[in-house]
Amino acid sequence: MKNKNCNQPVKIYSKTYSKLPHFDFKNHYQFITCRTYDSVDSFLTKLYQQDIDNSKKQQDIDDYIDASKKGAYLNNEVLDFLMSFLKSKDKILYDLICFCIMPNHLHLLFKPLDELSVVMQKIKGG
């Protein structure tokens, strides 16, 4: 697939049993949401598997996660570590614009300096 705005190839990561589709636009800003493993429960798994519009599905997932206390580990010293880690990878993995760390998930806005899958593997592995 080509990006209509700049004629560059776009990678689309296929849907799996528990993930929404992902798009990798090289040299373009990406908005990413990552969740703690324990924040994804059977209710969310059912939402992932429903055959509804992805924007509706994402909104329903976000609403549920925002209200849930499940997997709420990103606080206190973990919050401090994660904040330092994300800042330390600026200009190495991505051009960081902003991030927001919630108790059971985080949001990132950045321009990847490598393939999105590589950047995400390094963030989650860190």
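The values are calculated or read from the model by the stated rules, or taken from the named source; none is laboratory data. Every value quoted in this text rests on a predicted model; they were computed, and no experiment measured them. Here the Cβ is made from the backbone with ideal geometry for all residues, glycine too, and neighbour counts use every protein chain on show.
Summary table
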{"quantity": "Matching residues in the stretch 15-60 - criterion: being touching a helix residue (DSSP H, G or I) at 6+ places or on another chain (Cβ under 7 Å), exposed (fewer than 11 other Cβ atoms within 10 Å of the Cβ) and modelled with pLDDT of 80 or more", "calculated": "Gln50"}
{"quantity": "Members of the stretch 84-106 found to be farther than 18 Å from Phe25 by Cβ and in contact (Cβ under 8 Å) with a residue 24 or more places away in the chain, listed by number", "calculated": "Phe85, Leu86, Lys89, Ile101, Met102, Pro103, Asn104, His105, Leu106"}
{"quantity": "Test: residue in the stretch 15-36 that is assigned to a helix (DSSP H, G or I), aromatic (Phe, Trp, Tyr) and over 16 Å from the mean Cα position of the chain (by Cα)", "calculated": "no"}
{"quantity": "Top-ranked residue of the stretch 100-126 - restricted to ones that are hydrophobic (A, V, I, L, M, F, W, C) and assigned to a strand (DSSP E or B), ranked as surrounded by the fewest Cβ atoms within 10 Å (Cβ to Cβ)", "calculated": "Cys100"}
